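The values are calculated or read from the model by the stated rules, or taken from the named source; none is laboratory data. These numbers were taken from a predicted model, which means no experiment stands behind them. As a convention, Cβ positions derive from the backbone with ideal geometry for all residues, glycine included, and neighbour counts pool all protein chains shown. Heavy atoms of the whole protein, side chains included, go into the accessibility calculation; ligands, DNA and RNA do not. Shrake-Rupley method; radii C 1.70, N 1.55, O 1.52, S 1.80 Å.
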Amino acid sequence: MVQLAVVEGVLERITYANEESGYTVARVDTGRGGGDLLTVVGSLLGAQPGESLRLEGRWGSHPQYGRQFTVENYTTVLPATIQGIRRYLGSGLIKGVGPRIADRIVTHFGTDTLDVIEQAPGRLIEVPGLGPKRTKSIGAAWEEQKAIKEVMLFLQGVGVSTSIAVRIYKKYGDASISVTRNHPYRLAADVWGIGFLTADRIAQSVGIPHDSPERVKAGLQYALSQSTDQGHCFLPEERLIADAVKLLQVDTGLVIDCLAELAAPGGDGEDEPGVVREQVPGPDGGEPVTAVYLVPFHRAELSLAGQLTRLLRTQDDRLAAFRDVDWGKALHWLAGRTGAELAPEQQEAVRLALTSKVAVLTGGPGCGKSFTVRSVVELARAKKAKVVLAAPTGRAAKRLSELTGADASTVHRLLELRPGGDAAYDRDRPLDADLVVVDEASMLDLLLANKLVKAVAPGAHLLLVGDVDQLPSVGAGEVLRDLLAPGSPVPAVRLTRIFRQAQQSGVVTNAHRINSGVPPITQGMKDFYLFAEEDTEEAGRLTVDVAARRIPATFGLDPRRDVQVLAPMHRGPAGAGTLNGLLQQAITPARPDLAERRFGGRVFRVGDKVTQIRNNYEKGQNGVFNGTVGVVTALDAVEQRLTVRTDEDEEVGYDFDELDELAHAYAVTIHRSQGSEYPAVVIPVTTGAWMMLQRNLLYTAVTRAKRLVVLVGSRRALAQAVRTVSAGRRCTALDHRLGGGIRL
C-alpha cells in the first residue's frame, strides 16, 4: 500500500467547489516563498480560506494546470505564528470578526490569541473597541464553529456538504453526531437539503442493515415525497411498491409488509399512521385504485373539498345586495365608470362572481380577464363591500394592485403565515372580507389552496382567476383544473373572445396559436422573433447575447430588471444553470470594488438577480417562498450576511451558511416563472431539452411576456413543443371529492 504524502499550508482561496459532490479546486500557500501557490484538488468539505491545513494525499500532474496535489483527507491545524493567526481570524471564519478586528485582537494577545478565545473568551473585552456584546458574540461564534467542525469531520466520509453539516448542527445542536449515528433517516425528514439518498448513505456508513424496516419505511416515505415534488398528491399502491423496490433493492414482500406497518396507527413510531391508504376512482373514472398519501396531503385534500362545499352551501351571504340588483343599470353605471362595455361572457362572469359564493374565471391572454376582475371589484366597492385581493407571487400581486387601484398582497402575507407554516387566519379566525379575489390561481397548490379557503368566512365570496391551460402549480395538486372538472359544483366562466386590441399583439396571437397546436408566426412581427440555431451550445450562447446585449440595445430595456430568460430545463448547455453563469458574467461581472461571496459552485455578488428555492417560514415578515425573486443589495463579510431586496420590497437577510436557499435568477426554468410577468422574455428552445418540450410549457413561457418574446433555437424543437400535449394528469382526487364521488 502506497503511503500518503503530507502537505501543510494555509488555504488561500477556493477556485471551484461542487456543492453536491464536495469536489474542490483550491490554492494553498505552503510557505515556499516567492508568492507561489500549490493547486490542490479533492474533497475539502468545510475548509475555509485562511485556515491552516494538514493535507494527506498524492502528488500528480495535470496536462493543462501542471503539478497538483490530490487530497484524500485533511485536518485543520491552528496556526502558530502571529501572521498566521491574524490571517486565520481575519478570514471571515468567525462571524463578527473581520481583518480590522482580527488585527486588534492579535496585536493585544499575540501568539496567545487562540488560547484566549478558546479558554477565556471574556478577556476579549480587554481589546480596545470591543464591547461586551461583541465579545460575547465572538465567543459564541467560536464555540459554534468548533462544534460544526466536529460534525463536519464526522460527515466528511459520507460526502455531506458544509451547508448541510451546518443545518444538522443548527437542528440538533450537541446531539448532532448522536442523531446522525443512531437515527440517520430522521435527517431526511427534519433537515432541509438532506433527502433519503444522503441519509441512506450515512446509514450505511454507520452500519444500519440494507433490509432494515427503518430503512424501508424511510424509503417508502421518500418515494411519496418525491412524487409530491412531481405534483402528485398520492401514488397508486402498486406504483409506490414498484418504485420502492427499485429504489431500495429489497424484496417486494418486505416493502409490502413495511407499507402495511406505516399505514397502521402508530406506524411511524407516533400516534398516527405514517401514510394513509384509501380507495379512489381510477383515471377518467376507471377502476378504483388504492391511493397512498402522505398524511398532510390527505388531510389537505379532504379539508379543501369540505371547505369549498361548505362555502357553496352556506345560507349566509355577505354580498346579499347583488341578489336583487338591476343588472342593466349596474352594468350601465359600470361602463360609465370604466369607459368600456363588457362583452356578454364578461358580464356573465361579473354576475357569477357577485352572486355565487365560489366562482372560477379562466381564459387565455387578451380575452379580458383583467378587465373583468376590475369590473367585479368596482361593483363590489360601489356596494361598500370589503374586498381583499391576493396572488401567489409578489409580481402578480403588484400587477393586480395596479389593475384595480386597490392594495393586493401575496397569499402568504394575506394569511400571515407564521414559522412552521401555520396561518394567523383560518376557520376559527377568518379574513374580514366580503369578497376575496385570487389571481394566477393556476399556481395554487393543494396545501396553499387549503390554507386560503379555510380563511374565507362563511357567506363571503371567493373568486379564483387563472389560465387553466398554463402549467399546473409547482407544488402538489392541480387545484384550478380540478375545480373546472366535469361534475364540479363550482360555477365557472371561460373567456374565449380575443379583443381587437389584443389581436394586434404577436405575443397574444402566438400564445393562442400555440395553445391550439398551431406553430407561431415568427416573421413580420414587431414583438415576436425566432433566432434559429440548431446547435444547442450555440443556442445557449446566442440566448445570452440576445438577453444581455441585443434586447437592451434595440428596445432600451434593462437586462436585469426587464428581461427574463425562461428555459425548459435546468441542466444542459442551454439550461437555466449554465445560462445563469454566462448571464452573470455578462450582466454582473466580477470587479475589484464589487463585494462577492463564493458558496459551493456559485458566486454571489451585490447586484445579482436571485431566487429563493425553498419555502422558509422563518424568514422575512411572513416567510419567504419558493420562487420569490430579488436582487442582492448588500454583502457583509464580517457579519457573514447577505441581504436581498425581494419583489415585494422586503429586505431579507441570509447568513452565509444559508446561501444554498438561493439560486441565480437571470435565467429560471419555465416552471419557476409561473405567476410572474416580464416586459421581455427570451426562451431557448433546443433539441437538448427534447423530453421537456410540451405545448403547455411553451404556452406558459410565452404568456409571461408583456411586450416582447424572443425564441432562440431549433425549428424542429419548436415544432415538437407545439405538437406535444402534456402526457397524463397528476394523481389527485380533489375533483372526485368535490363531485361527491368520495365521502368527505
Residue set ARG201, ARG186; condition under 20 Å from LEU259 (Cα atoms), open to solvent by 20 Å² or more (accessible area, probe 1.4 Å) and under 28 Å from the mean Cα position of the chain (by Cα); output residue ARG186
Please indicate, with yes or no, whether at least one residue in region 589-607 is under 23 Å from VAL712 (Cα atoms) and open to solvent by 10 Å² or more (accessible area, probe 1.4 Å). no
Open item on the list: Condition first: touching a residue at least 40 places away in the same chain (Cβ under 8 Å), over 15 Å from GLY688 (Cβ atoms) and of a type in the set (Gly, Ala, Ser). Can you find one or more residues in region 536-557 that meet it?
Closed with: yes
- Is it the case that GLN221 is open to solvent by 20 Å² or more (accessible area, probe 1.4 Å), in a helix (DSSP H, G or I) and either touching a strand residue (DSSP E or B) at 6+ places or on another chain (Cβ under 8 Å) or modelled with pLDDT of 95 or more (or both)? yes
Given the conditions (1) open to solvent by less than 40 Å² (accessible area, probe 1.4 Å); (2) under 17 Å from VAL7 (Cα atoms); (3) outside any loop (DSSP other than H, G, I, E, B), every one holds for ARG58 apart from (1)
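Please work out if ASN616 is under 27 Å from ALA476 (Cβ atoms), open to solvent by 40 Å² or more (accessible area, probe 1.4 Å) and of a type in the set (S, T, N, Q).
Considered against the rule, which asks whether it is under 27 Å from ALA476 (Cβ atoms), open to solvent by 40 Å² or more (accessible area, probe 1.4 Å) and of a type in the set (S, T, N, Q), ASN616 comes out as no.
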HIS461 fails exactly one of (1) of a type outside the set (D, E, K, R); (2) open to solvent by less than 10 Å² (accessible area, probe 1.4 Å); (3) touching a Ser or Thr at 6+ places or on another chain (Cβ under 6 Å), namely (3)
Checked region 536-568 for anything open to solvent by 60 Å² or more (accessible area, probe 1.4 Å) and within 30 Å of the chain's Cα centre (by Cα); matches are GLU537, GLU538, ARG541, ARG549, ARG550, ARG560, ARG561
Heads up, the helices (runs of 4 or more DSSP H) in region 531-640 (entirely inside) with at least 1 residues that are of a type in the set (Asp, Glu) are 536-545
Here the qualifying pairs (Cβ atoms under 7 Å; residues six or more apart or on different chains; first in region 477-504 and at positive phi; second surrounded by fewer than 19 Cβ atoms within 10 Å (Cβ to Cβ) and small (Gly, Ala, Ser)) come out as GLY487/GLY739
Here the qualifying pairs (Cβ atoms under 7 Å; residues six or more apart or on different chains; first in region 382-402 and basic (Lys, Arg); second open to solvent by 30 Å² or more (accessible area, probe 1.4 Å)) come out as LYS383/ALA321; LYS386/ASP432; ARG395/ASP647; ARG395/GLU677; ARG399/GLU677
- Task: Return yes when ARG427 is under 30 Å from LYS706 (Cβ atoms) and either open to solvent by 20 Å² or more (accessible area, probe 1.4 Å) or acidic (Asp, Glu) (or both) and no when it is not.
- Result: no
Pairing a residue in region 266-281 that is in a strand (DSSP E or B) with any residue that is modelled with pLDDT under 70, where Cβ atoms lie under 8 Å and the two sit 6 or more apart in sequence or on different chains, gives VAL275/GLY267; GLU278/ILE742; VAL280/ILE742
Within region 470-509, the residues that are modelled with pLDDT of 90 or more, open to solvent by 30 Å² or more (accessible area, probe 1.4 Å) and of a type in the set (D, E, K, R) are ARG481, ARG494
If we keep only residues of region 315-339 that are farther than 21 Å from THR404 by Cβ and not in a helix (DSSP H, G or I), then the residue least open to solvent (accessible area, probe 1.4 Å) is ASP317
Checked pairs for region 301-317, first of a type in the set (Val, Ile, Thr), second open to solvent by less than 30 Å² (accessible area, probe 1.4 Å), C-beta under 8 Å and 6 or more apart or across chains, list as THR309/LEU738; THR314/LYS357; THR314/GLY459
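Regarding region 649-662, can at least one residue be identified that is in a loop (DSSP other than H, G, I, E, B) and crowded, with 21+ Cβ neighbours inside 10 Å?
Just the residues of region 649-662 that are in a loop (DSSP other than H, G, I, E, B), to begin with: 649-650.
Those still in the list that are crowded, with 21+ Cβ neighbours inside 10 Å too: none.
Among the residues of region 649-662, not one is in a loop (DSSP other than H, G, I, E, B) and crowded, with 21+ Cβ neighbours inside 10 Å, which makes the answer no.
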Of the listed residues (THR362, THR372), the one being crowded, with 23+ Cβ neighbours inside 10 Å, hydroxyl-bearing (Ser, Thr, Tyr) and in a helix (DSSP H, G or I) is THR372
Test result for ASP211, surrounded by fewer than 16 Cβ atoms within 10 Å (Cβ to Cβ) and within 19 Å of THR732 (Cα to Cα): no
For the structure I just gave you, tell me whether GLY630 is small (Gly, Ala, Ser), over 22 Å from GLN584 (Cα atoms) and touching a strand residue (DSSP E or B) at 6+ places or on another chain (Cβ under 8 Å). no
With criteria (1) outside any strand (DSSP E or B); (2) open to solvent by 40 Å² or more (accessible area, probe 1.4 Å); (3) in contact with a Ser or Thr (Cβ under 8 Å, 6 or more places away or on another chain), ARG100 comes up short on (3)
Across (1) open to solvent by less than 10 Å² (accessible area, probe 1.4 Å); (2) in contact with a Ser or Thr (Cβ under 6 Å, 6 or more places away or on another chain), GLN694 clears everything bar (1)
Residue count, region 526-572, condition more than 24 Å from ASP608 (Cα to Cα) and of a type in the set (Lys, Arg), comes to 1
Selection from region 41-55 of residues surrounded by 16 or more Cβ atoms within 10 Å (Cβ to Cβ) and part of a strand (DSSP E or B) yields VAL41, GLY42, SER43, SER52, LEU53, LEU55
A careful count of residues in region 623-640 that are open to solvent by 40 Å² or more (accessible area, probe 1.4 Å) and either in contact with a helix residue (DSSP H, G or I) (Cβ under 7 Å, 6 or more places away or on another chain) or touching a residue at least 60 places away in the same chain (Cβ under 8 Å) (or both) gives 5
- Message: Scan region 273-295 and tell me whether some residue there is open to solvent by 60 Å² or more (accessible area, probe 1.4 Å), under 21 Å from HIS183 (Cα atoms) and of a type outside the set (Gly, Ala, Ser).
- Response: no
Residue set LEU304, LEU254, LEU259, LEU312; condition surrounded by 14 or more Cβ atoms within 10 Å (Cβ to Cβ), in a helix (DSSP H, G or I) and out of contact with any helix residue (DSSP H, G or I) (no Cβ under 9 Å at 6 or more places or on another chain); output residue LEU312
So, first residue touching a residue at least 24 places away in the same chain (Cβ under 8 Å) in region 659-680, second residue in a strand (DSSP E or B) and of a type in the set (Phe, Trp, Tyr), Cβ within less than 9 Å, six or more apart or across chains; the pairs are LEU659/PHE599; LEU659/PHE604; ASP660/PHE599; GLU661/TYR654; LEU662/PHE599; LEU662/PHE604; LEU662/TYR654; HIS664/PHE604
Filtering region 141-175 down to residues that are at pLDDT 80 or above, within 19 Å of GLU639 (Cβ to Cβ) and small (Gly, Ala, Ser) yields ALA141
